[in-house]
């Protein structure tokens, strides 16, 4: 059986979107455990990574497989809520984009209906999907018309749907890493305070950890916002492309509805 177009890239991004955040959270949890048990020196995720690689480099494949399973389980468990929390955390950066400057803060929720609802293409997408479904698409469950647009593309144009799924996989990857970056900031601050008031040392490594975590948080929040907005943009564009292509391939089909 032939693989669907883009299925390999989609699977690779989905796998990375599970393993990378899972590994990040695993290291953070291990670091937190070391801090909670009263480590005599300041600890960072880098220390935990060094210990992890040293313990698995000469170990059996069973130990490595068990580690991968644990990391994958953590990453998979986080996917359910990471995107929701990432949307909340990244909203201040979303408001900095030019397209959202004139939109009220309470209207900047996914799928950004206030951004698209007054455009000509949105009216065409709504009219077309309403004609396809036989009802006003706005009355259907879910985030409409975005949800129905994706389902339509899955049936009508698997290559375009696969590209949307790839973008959604990127969104999940950025969401998992963004929440991990926030947890990393909190742990770094905690370790700095522990080093200062409990160990009575200056934890330079923890300060570097905090600095890197803060930079990564801003970068990941911006990347998440851009991918999330792009996912909605492309859903509408791809719906129009697919509908127009089908109309061109079938001369007897009615033309796209217009305003």
Next item on the list: Report yes if residue 187 is over 30 Å from residue 241 (Cα atoms), surrounded by 17 or more Cβ atoms within 10 Å (Cβ to Cβ) and in contact (Cβ under 8 Å) with a residue 24 or more places away in the chain, otherwise no.
Entry: yes
Would you say residue 34 is outside any loop (DSSP other than H, G, I, E, B), surrounded by 11 or more Cβ atoms within 10 Å (Cβ to Cβ) and modelled with pLDDT under 90?
no
Note on segment 107-122: residues in a loop (DSSP other than H, G, I, E, B) and under 22 Å from residue 175 (Cβ atoms) are 108, 109, 110, 111, 112
Among the residues in segment 188-202, are any within 14 Å of the chain's Cα centre (by Cα) and at pLDDT 95 or above? no
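Confirm whether residue 211 is at pLDDT 95 or above and surrounded by fewer than 14 Cβ atoms within 10 Å (Cβ to Cβ). Even if it seems obvious, please write down each step before you answer.
Details: at pLDDT 95 or above: yes; surrounded by fewer than 14 Cβ atoms within 10 Å (Cβ to Cβ): yes.
Judged against the criteria, residue 211 is a match.
For segment 123-145, state whether one or more residues are within 21 Å of residue 175 (Cβ to Cβ), outside any loop (DSSP other than H, G, I, E, B) and in contact with a helix residue (DSSP H, G or I) (Cβ under 9 Å, 6 or more places away or on another chain).
So in segment 123-145, the residues within 21 Å of residue 175 (Cβ to Cβ) come out as 142-143.
Going one step further and asking which of them are outside any loop (DSSP other than H, G, I, E, B), we end up with none.
No, segment 123-145 contains no residue that is within 21 Å of residue 175 (Cβ to Cβ), outside any loop (DSSP other than H, G, I, E, B) and in contact with a helix residue (DSSP H, G or I) (Cβ under 9 Å, 6 or more places away or on another chain).
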Within segment 65-81, restricting to residues that are over 22 Å from the mean Cα position of the chain (by Cα) and surrounded by 13 or more Cβ atoms within 10 Å (Cβ to Cβ), the one that is nearest to residue 199 (Cα to Cα) is 67
Filtering segment 37-50 for residues that are surrounded by 11 or more Cβ atoms within 10 Å (Cβ to Cβ) and more than 29 Å from the chain's Cα centre (by Cα) leaves a count of 3
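How many residues, within segment 86-103, are under 26 Å from residue 179 (Cβ atoms) and in a loop (DSSP other than H, G, I, E, B)? Write out each step before concluding.
Taking segment 86-103 as the starting set, the residues that turn out to be under 26 Å from residue 179 (Cβ atoms) are 86-97, 99-100, 103.
Now drop any that are not in a loop (DSSP other than H, G, I, E, B), which leaves 95-97, 103.
Residues that pass the stated criteria total 4.
The values are calculated or read from the model by the stated rules, or taken from the named source; none is laboratory data. Small disclaimer: the values here were computed from a predicted structure and weren't measured. We place every Cβ from the backbone using ideal geometry, glycine too, and count neighbours over all the protein chains shown.
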